[in-house]
Every structure is written in structure tokens, then in C-alpha cells.
Amino acid sequence: MSSTSDTREAADVIVVGAGLAGLVAAYELTRAGRRVLVVDQENEANLGGQAFWSLGGLFLVGSPEQRRMGIRDSVELAWADWSASAGFDREREDRRPRQWARAYVEFAAGEKRRYLHGLGLRLTPTVGWAERGAGTATGHGNSVPRFHLTWGTGPEVVRVFEEPVRAAAERGLVAFRHRHRVDGLVVEGGAVVGVRGSVLAPSTLPRGAASSREAVGEFELRAQAVVVTSGGIGGDQATVRRNWPVERMGPPPESMITGVPAHVDGRMLRITEEAGGSLVNRDRMWHYTEGIRNWDPIWPDHAIRIIPGPSSLWLDATGRRLPAPLFPGHDTLATLRHILSTGHAHSWFVLTRSIVEKEFALSGSEQNPDITGKDLRMVLARVRGGAPGPVQAFLDQGEDFVVRRSLRELVDGMNALTPEAPLDHGRVEAEVVARDREVGNPYCKDLQLMAVRNARSYWPDKITRVARPHRLLDPAHGPLIAVRLHVLTRKTLGGLETDLDSRVLRSDGSPFDGLYAAGEVAGFGGGGMHGYNALEGTFLGGCVFSGRAAGRALARSLA
């Protein structure tokens, strides 16, 4: 095994992690003429990290797109929603996250759109209504649509930072050290002065694939400061289970599927904490309940999330309908808690062909080739009807999908997928028939149907996103479809405690000299600016906001 060491400063700043937050920090540093070394354990194909795979949603407040849709939004309304959703309740651990949350909401209502637009990022004209909430004005959720979809999805968000960083590399301001895994921080005189670790065997694997961890060398690199932007823990189910909030959510599910690549392993959280950094709110995390197994996987247990409209009938593993207001797209963690309380890790959507064609979208850049590829003709094809191509592929090949003509045949197909938890046809039929009875009246007591009609009062949803209410057993809208849903691991909401300049703090609240953190590893800012719940469209934006803060603070302070 070879060993390399550079006791000189390899650059002004070392950025650990080549994801979105790392690229943003590098961009801001190079704008100020600083030299940056980007160190990452994966190969060059993975530049941009998780952001590349994202749908590209951005949380904005009071945007031109909202105003064109007739949406009345404000900092005050957004902050009320954020505060209610976050539920900050820890005097010390939530002090910095609360500061970051307020600053981020103001950023989302102010400079965020201008900043990204100036880099060349463009948005689709309609605004989505994600995470609609717990059903009360003072509870969790977005009061109005705020989910702005990037024209080009996640790869475009990466591109607008990657291109200027690569241009800076051509000028000699940036160097990349791929397949360099950081195993420790170099601390001297109480300050971080570099990183050390292992050189991993070269890899030519495609983006997202799990790569070898064979070490072929060692390294040590030095700089005036280190910025940790290495992501969260969602790719390591063992770490997810260790941090699982049992007191709030019950025991972790026996089985989960994974919504992020394997390299999202949380190693730098442990390494930074061992060096003296403060790690807070480690029990806060964000996992989805609408996961399906990818029929064409890239990483181990590769999961795709259905982004559902509000119409599907949601049944637990025993065939009982989920209680109000646990409807599709409303309250992610409350739904997760309820599903796990049944003693099972899966649940079911029951719907019709009409609903799947109008309402099913799949999260991820690769599942939306029309928007990712900026192909307007393909986008317009969605309006003409029929299931989008990626959705149809799951209907045809996805192991979690059952398509049948009758309800009895559908239940038989569902039971073939989960023989360990068989459904009773009579119970499922009773839930379906009771729901269908309510559809024929313009006014009813079914809160989910009320939510559907409320959604259709927002005209973009009526046109593109929410099916006209109809009976599930109406053959004109068939065939019937059932989808087995799994728990899907995704985001770490806690993380390294940082101040508003992204400086990592020690447990006594003092800055850890020479050490900064941004993105998911910092809970997207402060060690958990989302609190207990996310409002969606806030993850990419959190990487941008915290990475920008780190880069700008260092550009000001470095000698």
C-alpha cells in the first residue's frame, strides 16, 4: 500500500464531498480567487452527488410563479408553516437550527430565486403542492403550493454550479481528488488543518453504483480550512436503525428499501464528532412511505418514491383504510408512524387506471426524462392522457404492482405478493364500497374526497395532477391497480451543529477553528433546520444556502 503526504497547504480550503453543497462552496470560494481541493470517495462520474438524482424541487416563497398561479404567500405564512412543522422543542440543540430556519425562509422569499436565476437555472411555470399537512391551520404542512420544479430537474441544479467550478479548475483554482476517502481530520493546536485517509482502488462504475472499498494507498492533505459536505446516512440502513427515534416512531421497520446511493454512509458525521465537533438531533430523519422497488436498480435495494396525487385509497397491511388526515401527499412522518404501529412495514394503494394516468409521478431525474431532458413535446404528452412512460414501465415490470379487472382478482394478486400478511377480501371490499358511496354526492363526510376537491380548486392540479373523483369500482375507469408500498430511507434531518457562517461548533458552543460544514451533513444548516418535519423542496435549497454561507464566510476570513 502506497502512502502520500503533503505537509504543505494543498489549497486554501479542502472540501470533503463533491455533492451539491460542496460544489456551491467551491463556486463561492473560487469567485473570491481562493484555491480549492475537492476530495471525494467516489469517482468523477458521481460529481454532484445525490442532487443529480433528485426531481429538482425548490421551496420558494412569494415567487412570480406563485403569483401567476394566484397563490398568495408571504414570509409570515411560510414561517408559520415552517415553525409548526419543525416543532423545535430542544433548548440547546434547536438554538442554531431555529436561526438557520428563519434565515432560510427569508432566503427563499428573497435572494434565492435571483441567485439561481443568475446562474442560468430556470423553473417550470406551475407550482406543486407537496406535503399538504396534518389538516389544521396550526399544524404541519404547506398552507399553499411552494414546490417549484426545476426545468432540467436535479442534473440542471448540479450543472449551474459544476460548470463554473470546472472552469475554475481550468484556471488552476480547483483540483479534484476522486477515490480519496477521508478517515480522519488533522487537528493541531485545537484547529483543523487538513484531512487524512485512504486512496481507494480506481473505479469506472457508472454514477450511483456501489463501488469497491479496497484501499490501495494513504494520503494526508493540508489547508487553512476544511468544509465537510459529505451528506447523510440514508444509504446505510444499519446507521439509520441505530439512530431511529424509537420513542416517537416505535421500532424501525424490519425491512426498508434505499432511496439514495450506497456511498451516502454518514462516515463524516462520526469522524467529525470524534474530532470534537458537536453532532445534534441525530434522531431526526425523513423517510418516505410510498417506496417501490426499482425494476431496473442502480444501487443496492434501489427505491423509487411515488409522488402521489390525493385520490388513491390507502390501506394498511391488514386492509384497513388509513385514518384521516393520513392521505397521499399530506403528512409523511405521521403516516409512517401509523403504518409501523400495525406491526408491518408495508401498506397498499388501491386505485384505478384513470388515477394512475393523471396522478402518479415518480421522484428522481431519471424517472422524468421529459423534464430532465427539457423536452417540451414530451412534457405536453402528459396532458394528452395515458400513463407517463416511466410509470407504465413500473406497471408492466414493477414487482410491487398488481393490475386486475375485478376486486377479488386484485386482492388475490395482492396476497400473492404478501403471503405472510394475507388480506381479507371482505374487509378490503367494505373499505372500497364505503369510499365509493361518498363519491356520488358533491358534498360528503369523507375528508379525503374533500381534500381531492380542494386540490382540484387549484387549477394547475385540476388540469395536470388530480383525477376527477369517481368510483374505484366503475369499470369505465379500470382496470383496478394495487401498489405495495415500502418504507424508503432518504434524508438525515440532524447533523453537525453550525453557526450562520457554517462554522462547526464544539459541544460548548464555541467555533471549531478551521472546520465548516454544509448540506445534509449539517442538517442542511445548524444541525437540523427542518426540526422534525420537512416541507419539501427544501433539501436542494438547503445545500445551496449552507454551501453558499460556508464559501462566502471563508472567502472573507482566509488570509
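The values are calculated or read from the model by the stated rules, or taken from the named source; none is laboratory data. What you are looking at is a predicted structure, and each value in this text was computed from that prediction instead of being measured. Neighbour counts are summed over all protein chains in view; Cβ atoms, including those assigned to glycine, are modelled from backbone coordinates with ideal geometry. For accessibility, only protein heavy atoms count, side chains too; no ligands or nucleic acids. Shrake-Rupley method; radii C 1.70, N 1.55, O 1.52, S 1.80 Å.
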Check: Which value, in nm² and rounded to one decimal, describes the direction-averaged projected area of the C-alpha convex hull of the stretch 288-488?
Finding: 11.1
Check: With every protein chain present, what is the per residue accessible area of the stretch 274-423 (1.4 Å probe, Å²)?
Finding: 37
Margin query: Let me check I've understood the local charge: for Leu55, count other residues with C-beta under 13 angstrom from its C-beta, Lys and Arg +1, Asp and Glu -1. What total comes out?
Written below: -2
Item checked: Computed FRET value (nearest 0.05) for Glu170 with Asp513, which takes r as the C-beta separation and R₀ as 41 Å -> 0.80
Item checked: Listed residue (His477, Phe401, Ile298) projecting farthest to the positive dipole end of the stretch 288-488, Cβ model -> His477
Note to self: Just to be sure I understand the model, the point goes 7 Å from the Cα along the line to the Cβ. What's the resulting Asp424 to Gln392 distance in nm?
What the structure shows: 4.0
Item checked: Extension reserve of the Glu220-Leu417 stretch, reckoned as 0.36 nm per residue once the Cα distance is removed -> 65.8 nm
Next item on the list: Count charges around Gly152 for me, please; just the other residues with Cβ under 10 Å from its Cβ, Lys/Arg as +1, Asp/Glu as -1.
Entry: +2
Next item on the list: Using 0.36 nm per residue of separation minus the Cα-Cα distance, give me the extension gain between Asp183 and Arg405 in nm, one decimal.
Entry: 74.3 nm
Item checked: Label-zone membership for the stretch 112-156, site Ser341, 7 angstrom Cα→C-beta point, backbone N under 17 Å -> 134-136, 140
Next item on the list: Run the numbers on the stretch 288-488 and let me know its relative contact order in percent, using alpha-carbon pairs under 8 Å that are six or more apart.
Entry: 34
Item checked: Surface per residue (accessible, 1.4 Å probe) for the stretch 1-114, Å² -> 40
Item checked: Point-to-point label distance, Arg196-Glu44, nm (Cα→Cβ direction, 7 Å offset) -> 3.0
Next item on the list: Starting from the Cα-Cα distance between Leu558 and Asp436, subtract it from 0.36 nm times their residue separation and give me the gain in nm to one decimal.
Entry: 37.4 nm
Note to self: Can you compute the helix-only [θ] at 222 nm over the chain? Use -39500 (n - 2.57) per DSSP H run of at least 4 residues, normalise by all residues, nearest 500 deg cm²/dmol.
What the structure shows: -10000 deg cm²/dmol
Next item on the list: Note the angle between two axes, namely the Cα long axis of helix 407-417 and the longest principal axis of the Cα atoms of the chain, as a number of degrees from 0 to 90, rounded to the nearest 10.
Entry: 30
Checklist line | the stretch 196-261 and the stretch 108-130: distance between their alpha carbon centers, rounded to Å | finding: 30
Checklist line | Amide H within-cut-off set for Val187, under 5 Å, with H built and near neighbours excluded | finding: Val193
Item checked: trypsin sites (Lys or Arg not before Pro) lying in DSSP loop within the stretch 373-467, provided at most 12 other Cβ fall within 10 Å -> Arg384, Arg405, Lys445
Check: What shape does the stretch 193-267 have by the C-alpha gyration tensor, where a ≥ b ≥ c are the square roots of the eigenvalues, rounded means a/c under 1.5, and otherwise prolate means a/b greater than b/c and oblate the rest?
Finding: oblate
Notebook entry, point to check: To the nearest Å, what is the center-to-center distance of the stretch 146-174 and the stretch 449-493, using C-alpha atoms only?
Noted result: 34
Check: What's the longest piece of the chain with no exposed GluC sites (Glu not before Pro), counting a site as exposed if DSSP puts it in a loop and it has at most 14 other beta carbons within 10 Å?
Finding: 255-398
Item checked: Partner lysines for Lys445 [C-alpha distance under 24 Å; skip if fewer than 8 residues away on the same chain] -> Lys462
Notebook entry, point to check: Taking all protein chains as present, what is the carbon and sulfur share of the accessible area of the chain, in % to the nearest whole number, probe 1.4 Å?
Noted result: 50
Check: So what's the net charge close to Gly33: Lys and Arg +1, Asp and Glu -1, counting the other residues with Cβ under 10 Å from its Cβ?
Finding: +3
Checklist line | Between the stretch 359-388 and the stretch 47-101, the alpha-carbon center distance in angstrom | finding: 25
Next item on the list: Please give the helix 539-557 orientation as an angle from the longest Cα principal axis of the chain, in degrees from 0 to 90, rounded to the nearest 10.
Entry: 20
Item checked: Along principal axes, Cα extents of the stretch 286-340, largest first, whole Å -> 36, 23, 22
Check: What distance in nm separates the simple spin-label points at Leu119 and Ala80, each placed 7 Å from Cα in the Cβ direction?
Finding: 3.2
